[in-house]
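Scroll down for the structure; my scribbles are underneath it.
The values are calculated or read from the model by the stated rules, or taken from the named source; none is laboratory data. The structure displayed is predicted, hence computed values, not measured ones. Cβ placement follows ideal geometry from the backbone for every residue including glycine, while neighbour counts extend to all protein chains displayed.
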Amino acid sequence: SQIKEVEFVKSSERAKDCPKDGRPEFAILGRSNVGKSSLINALVRKKEVALTSKKPGKTQLINHFLVNKNWYLVDLPGYGFAKAPDSARMDWSSFTKGYFLNRNTLVAVLLLIDASVPPQKIDLDCANWLGRNDIPITFVFTKCDKMKGGKGTRPAENIRNFQELMRHYRVHPPWILTSSVTGLGRDDLLLHMSQLRNY
Ligand code: GDP
């Protein structure tokens, strides 16, 4: 399940411009600053791979990376930029929704959740939206190495609270704890993806 080779393939402005070769793919999604670039770099062990623009307002693109000439890792624009006027609202551009609703090679969305902060409404809304649209999710909790996070709460407590809140929704995705600092969860996540691909 290890990553031997990663090749940047293309950036697409819309779902219909994405690669059409039918290879399976995993989309990586999360709030701005969730640790997405760090996680991608930890997964592929290559510093220069994550090419996403992190600045709000810049053109947002769907970036396809071909892994082991076999499957895609897809870097999606983040949501909930701190500077946005109403960051608590799900406000994806229509092309991102178009991607989710039309991409039939999508195996699962790796939904990144920052374990160093208490549950965020926008993440719950996102999970709920994906769940309602029957899009498979894996929760990937990031920054699990932090001893304490926002408001002095620990990752374990934040994760427990997040899971508790998710019970109100009808989605019960698998979840993996990760840290890009310690490497926690890296192999678990790679194995998980290989199992989903072969399922
Ligand atoms: P992105 O905006 O989602 O791509 O987030 P980045 O990967 O740029 O990370 C945002 C901030 O969180 C940076 O300051 C990182 O150093 C920090 N960060 C990312 N992953 C981890 C992690 O696993 N542990 C800790 N302690 N900090 C992290």
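Annotations for the structure displayed:
- Of the numbered criteria (1) modelled with pLDDT of 90 or more; (2) touching a Phe, Trp or Tyr at 6+ places or on another chain (Cβ under 9 Å), the one K97 fails is (1).
- You will find that of T138, T182, the residue that is on the phi < 0 side of the Ramachandran plot, assigned to a strand (DSSP E or B) and of a type in the set (S, T, N, Q) is T138 and no other.
- Qualifying residue in segment 161-179 (condition: near the ligand (Cβ under 10 Å from one of its atoms), of a type in the set (S, T, N, Q), modelled with pLDDT of 95 or more and not in a strand (DSSP E or B)): yes
- Considering segment 117-154, the residues that are modelled with pLDDT of 90 or more, farther than 18 Å from R167 by Cβ and within 12 Å of the ligand (Cβ to nearest atom) include one that is nearest to the chain's Cα centre (by Cα), namely V140.
- Any pair with Cβ under 6 angstrom, 6 or more apart, that starts in segment 143-162 at a residue that is closer than 10 Å to S116 by Cβ and ends at one that is among the acidic types (D, E) and surrounded by 12 or more Cβ atoms within 10 Å (Cβ to Cβ): K143/D114
- Selected residue (criterion: surrounded by the fewest Cβ atoms within 10 Å (Cβ to Cβ)) from residues of segment 114-131 that are in contact with a Ser or Thr (Cβ under 7 Å, 6 or more places away or on another chain) and not in a helix (DSSP H, G or I): P118
- Matching residues in segment 185-199 - criterion: being more than 13 Å from the ligand (Cβ to nearest atom) and outside any helix (DSSP H, G or I): Y199
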